[in-house]
1. Return the FRET efficiency for the residue pair Ala50, Gln143: r is the Cβ-Cβ distance, R0 is 35 Å, and the value is rounded to the nearest 0.05.
2. May I ask which residue of Val131, Gly154, Ala169 lies farthest towards the positive end of the charge dipole of segment 125-278, with charges of +1 (Lys, Arg) and -1 (Asp, Glu) on Cβ and the Cα centre as origin?
3. Given a 1.4 Å probe, how much area per residue of the chain is accessible, in Å²?
4. Between rounded, prolate and oblate, where does segment 4-67 land on the alpha carbon gyration tensor, with a ≥ b ≥ c its root eigenvalues, rounded for a/c under 1.5, else prolate if a/b exceeds b/c?
5. So which lysines can Lys258 reach, going by Cα to Cα under 17 Å and dropping same-chain residues fewer than 8 places off?
6. Which is farthest toward the positive dipole end of segment 76-276 among Val79, Ser106, Thr245, measuring Cα position about the Cα centre, with Cβ charges +1 (Lys, Arg) and -1 (Asp, Glu)?
7. So how tilted is helix 222-232 from the main axis of the chain? Cα-based, degrees 0 to 90, rounded to 10.
8. Report relative contact order for segment 76-276 in percent, whole number only (criteria: Cα-Cα under 8 Å, sequence separation at least 6).
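The values are calculated or read from the model by the stated rules, or taken from the named source; none is laboratory data. Since the structure is predicted, the reported quantities are computational estimates derived from the model, not experimental observations. Don't worry about glycine lacking a Cβ; one is built from the backbone with ideal geometry, like all the others, and counts go over all protein chains shown. Surface areas here come from the heavy atoms of the whole protein model, side chains and all, with no ligands, DNA or RNA. Shrake-Rupley method; radii C 1.70, N 1.55, O 1.52, S 1.80 Å.
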Amino acid sequence: MPFSFANVDGRACLVEDDSYFDLERISQGSISADPMQAIARNTEFHELAASLGSHESDGVVSETRLRAPVPRPRNSFGVGLNYKDHAEESKMDLPKVPVVFTKYPSCIAGPYDAVLLRGDSNDYEAELVVVIGQTTRDVAYDQAWSHVAGLTIGQDVSDRALQLAARPAHFGLGKSRDTYGPTGPVLVSPDNFDDPNDLSITCDINGERRQDARTSSLIFDVPFLVSYLSEIMTLEAGDLIFTGTPAGVGMPDKRFLKAGDVIRTTVGGIGAMENTCQ
Ligand code: ZN
């Protein structure tokens, strides 16, 4: 049974339609209310999701109460230049191995949180985000999806001036200012999707469509990234992988974010995030 997981006011919950169910309550205390501890138990969520009909809900999900589904990831990776059209608009060669950087966990924010801009060259990047489900070391490509707890939406907000201030570029700092990593609104298990390797992804700025692509265009797809990273280091439940952004970012035309801009990011089958710039 597929599940949809959310962080409602700091508590781990399952979501069905518009209702949420507190995991600590419906598991009779077996699963922690803390989202990070709860996510490590994600394999049990499938059975619990099937039982939701026998529980009262804790209420209706409201956007203002949703926090990042994975609020304190141990590791958080970003992947650069992972769509051919984005590599071209960035005037960069196609990578032969994934271009991986650190999106420092302290930048993670919620699906409706404000993005607190610094400087005047900030850009949006709609991304599919992978959440690792278990301790993962040297996993084969064919087995990689079974190590994924689920998928969520992310914005890899990027301070381009800071990113390019050093040579070689320090992606990690440029993409990790406080609040520059909105994620959510929910974490959806892979079995929710007909094909988790082919999802629509969009980004609108103030209602204007800027990015519109499918994750089937990823150069290095989700199982490849999980397998590749797991050969380098052990992955743990709750680790995040921001998988890269398609064409349409603001940098080529210097259409940078400004205070008051509303960033709306969607991934098919997951939902939408909306973040206002301040
Ligand atoms: Zn990115």
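1. Efficiency computed from Cβ-Cβ geometry: 0.90.
2. Value: Ala169.
3. I get 42 Å² per residue for this part.
4. oblate
5. Lys175
6. Ser106
7. 80
8. Taking the mean separation of contacting Cα pairs over the length of segment 76-276, I get 34 percent.
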